[in-house]
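Scroll down for the structure; my scribbles are underneath it.
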């Protein structure tokens, strides 16, 4: 399993070392930066699941860094702040911070806070609307539209389409797709999956999206461009 990638931005090397060990023990991978300018560069160049950000940084303070990131990036941010910095904590939330931990802190508590933020993000992502070309799916509402017009899908058709839409550029092999839909180890015939796919393709094509699902012969299926 791929480790969740974290970025710790703090000018105290001891704090970075403590967090690196704590995150490693919790199954996370942590990159580090020692000042605001370095932290901003790393945050923009890497792909991180969460950023632990000290407010009191040299070069560029944490609030300014958060403001710069939020102009184009919604990566969750957990602030580290001194106990007396209540105003900074409020500003941090207003700028888009997700949580804060005061110094001195318990590494166990901080790891727990990180885990909670990532879980909230995973739940929100799982229910977020998905869009590709003229096709849009809203799993939380069991909704599907093509060019804004609703398309009625069965529960299984919605599950198939949602799975493909979440990984639009990956080819889903039939065994992996079956496991994702029915659970690992469940015996499902190829005809059952073919029937759902055939009906799903027909409904989307009738709605004006005939290129929604592509077959990669000998490999599996993936999302098409959904241009119509």
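Readers should treat all values here as calculations from the given coordinates under stated rules, not as data from a laboratory. Computed from a predicted structure; not experimentally measured. Neighbour counts are summed over all protein chains in view; Cβ atoms, including those assigned to glycine, are modelled from backbone coordinates with ideal geometry.
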### Query
Extension gain residue 119-residue 171, at 0.36 nm per residue separation less the Cα-Cα distance, in nm?
16.1 nm
### Task
Measure off 7 Å from each Cα along the Cα-to-Cβ vector at residue 74 and residue 152, then give the distance between these two points in nanometres to one decimal.
3.2
### Query
Between Rg and the Kirkwood Rh of the stretch 1-50, both from Cα atoms, what is the Rg to Rh ratio?
0.97
### Query
To the nearest µm²/s, what D does Stokes-Einstein give for the stretch 94-201 at 37 °C and 0.692 mPa s, using the Kirkwood radius over alpha carbon pairs as Rh?
197
### Message
Within the stretch 129-158, name every residue whose backbone N is under 19 Å away from a label modeled 7 Å from Cα of residue 222 along the Cβ vector.
### Response
131-135
### Message
From the helices alone, meaning DSSP H stretches of at least four residues, give me the mean residue ellipticity at 222 nm for the chain, per-run term -39500 (n - 2.57), in deg cm²/dmol to the nearest 500.
### Response
-14000 deg cm²/dmol
#### Entry: Burial order of peptide ranges 46-57, 30-41 (average beta-carbon count within 10 Å, highest first)
46-57, 30-41
### Task
Would you mind checking the tilt of helix 107-127 against the longest principal axis of the Cα atoms of the chain, expressed as 0 to 90 degrees and rounded to 10?
30
#### Entry: Mean separation of Cα contacts under 8 Å (6+ apart) over length of the stretch 130-223, as relative contact order %
29
### Task
Before anything else, pin down the relative contact order of the chain: Cα pairs under 8 Å, at least 6 apart, normalised by residue count, whole percent.
12
### Message
Given the C-alpha atoms of the stretch 5-91, compute the convex hull and give its volume per residue in Å³.
### Response
89
### Task
Could you pull the Rg and Dmax for the chain, using just the Cα atoms, both in Å?
22.1, 65
